[in-house]
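Participant: The structure that follows is given in the form of structure tokens.
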Amino acid sequence: MERVKLMKIIVTGGFGFIGSNFINMLFEKIEGIEIVNVDKMTYAADPSNLDPGINIKSINADISALNGHEDIFSGADCIVNFAAESHVDRSIEDSSSFIESNVKGVHNLLEICRKLDMRFHQVSTDEVYGSLDPEGSDRFTEKTPYNPRNPYSATKASADFLVRAYFNTYGLKTTISNCSNNYGPNQHPEKLIPKSVISALNDVKIPIYGSGLQIRDWIHVSDHCEAIKLILDKGKAGETYLVGADGEKSNLSVVNCILEAMGKPTTLIEFVKDRPGHDERYSIDSSKIRKELGWCPAISFEQGLRSTIDHYINNRRKYERKQVVTK
Ligand SMILES: NC(=O)c1ccc[n+]([C@@H]2O[C@H](COP(=O)([O-])OP(=O)(O)OC[C@H]3O[C@@H](n4cnc5c(N)ncnc54)[C@H](O)[C@@H]3O)[C@@H](O)[C@H]2O)c1
């Protein structure tokens, strides 16, 4: 694919966890880059996630209702879509906003790319592939059939199918990355790692679903952002790239690592009723992006977890406020 110079890009959902880390990284790495962030400003958005001094144009808009906003996109090289409802538990309670943002929103963005002949990158998840045997050693690859098992992953799978269809039908320049569980700075405290750190700081119970033996494949958010940048630089149109850092850990062992690092007792753990349809294990084989694009994760789980814990401790008040507001 023609190299994207990354001079003007549209980022959607850039005030969320991964989008803000991506913007922070691009500003550090590419002088003169112009970024327009389109964000609906849901409970998950926080402009203070951007590093001080970062200057972007920001538009408060919903990707599922863009009528009249199309001119935002003109002159840009590509759209990188982070915007989504991202929390599985919320999708189990009510999936309507997931359908709107994660499916209809992606359809709108694809239509804009078709009209303006722009490139589109979809930030997707390994959850589209379903659940692996917790005792087994098999891993997801780009050839694994989709088998989403909760409303969140079903909407992300639907969006991926739309992206593939726009490549096949209209020849749109599209790429998809399916990444495993991210951790790092700026994550909303509804998610396992920030929630555990903030709860431990306040000596309150940390709820763990079921046995806690569900396995997730952890990757530091900056390694994920590097992978997306590389796909924009060198990825091939129509391709999907799986991104993972060989970081399989059970939820229970992640929380135990956090408690140990913080010098807190394991009695803070409280096992609660399991999430319905809880996927048991995710595991990513990322050899394609490693071989074809030369990507390699740089941060070990141990090193990344320590700096992540420090981030939440150092910004404790900000995350405590969010936990209270969204309870
Ligand atoms: N967090 C992970 O571990 C992970 C792993 C793989 C893939 N992903 C995917 O990465 C993307 C970003 O995830 P995240 O964890 O940063 O999410 P997040 O919930 O932290 O942030 C989502 C952002 O999107 C915005 N948004 C939501 N709906 C919107 C809409 N309709 N229009 C415009 N903006 C909207 C929110 O305001 C927020 O700023 C998502 O697509 C998610 O599916 C996440």
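Participant: I need a count of the residues in segment 169-225 that are within 13 Å of the ligand (Cβ to nearest atom) and either within 15 Å of ILE284 (Cα to Cα) or part of a strand (DSSP E or B) (or both).
Facilitator: Selection size over segment 169-225: 15.
Participant: Quick one: which helices (runs of 4 or more DSSP H) lie wholly within segment 5-119 and hold at least 1 residues that are over 19 Å from THR155 (Cβ atoms)?
Facilitator: 17-29, 105-116
Participant: If PHE27 satisfies all but one of (1) buried (at least 17 other Cβ atoms within 10 Å of the Cβ); (2) of a type outside the set (Gly, Ala, Ser); (3) out of contact with any strand residue (DSSP E or B) (no Cβ under 8 Å at 6 or more places or on another chain), what's the number of the condition it fails?
Facilitator: It is condition (3) that PHE27 fails.
Participant: Another question about this same structure. Restricting the search to segment 46-102, which residues are free of Cβ contacts under 8 Å to residues at least 24 places away in the same chain and more than 11 Å from the ligand (Cβ to nearest atom)?
Facilitator: Result: PRO52, GLY53, ASN55, LYS57, ASN67, GLY68, ASP71, GLU93, ASP94, SER96.
Participant: List every residue pair whose Cβ atoms lie under 9 Å apart, where the two residues are 6 or more positions apart in sequence or sit on different chains, the first residue falls within segment 123-139 and is at positive phi, and the second residue, located anywhere, is open to solvent by 20 Å² or more (accessible area, probe 1.4 Å) and within 16 Å of the ligand (Cβ to nearest atom).
Facilitator: From segment 123-139, the pairs are GLY130/THR144; GLY130/TYR146; GLY130/PRO148; GLY130/ARG149.
Participant: Next up: Give the residues of segment 234-267 that are open to solvent by less than 20 Å² (accessible area, probe 1.4 Å) and more than 17 Å from GLY184 (Cα to Cα), sorted by residue number.
Facilitator: Answer for segment 234-267, where residues must be open to solvent by less than 20 Å² (accessible area, probe 1.4 Å) and more than 17 Å from GLY184 (Cα to Cα): GLY235, THR240, TYR241, LEU242.
Participant: Does GLU190 satisfy the criteria of being in contact (Cβ under 8 Å) with a residue 60 or more places away in the chain, over 15 Å from ALA84 (Cβ atoms) and open to solvent by 10 Å² or more (accessible area, probe 1.4 Å)?
Facilitator: no
The values are calculated or read from the model by the stated rules, or taken from the named source; none is laboratory data. For clarity, every value in this text was computed on a predicted model and none was experimentally measured. Here the Cβ is made from the backbone with ideal geometry for all residues, glycine too, and neighbour counts use every protein chain on show. Heavy atoms of the whole protein, side chains included, go into the accessibility calculation; ligands, DNA and RNA do not. Shrake-Rupley method; radii C 1.70, N 1.55, O 1.52, S 1.80 Å.
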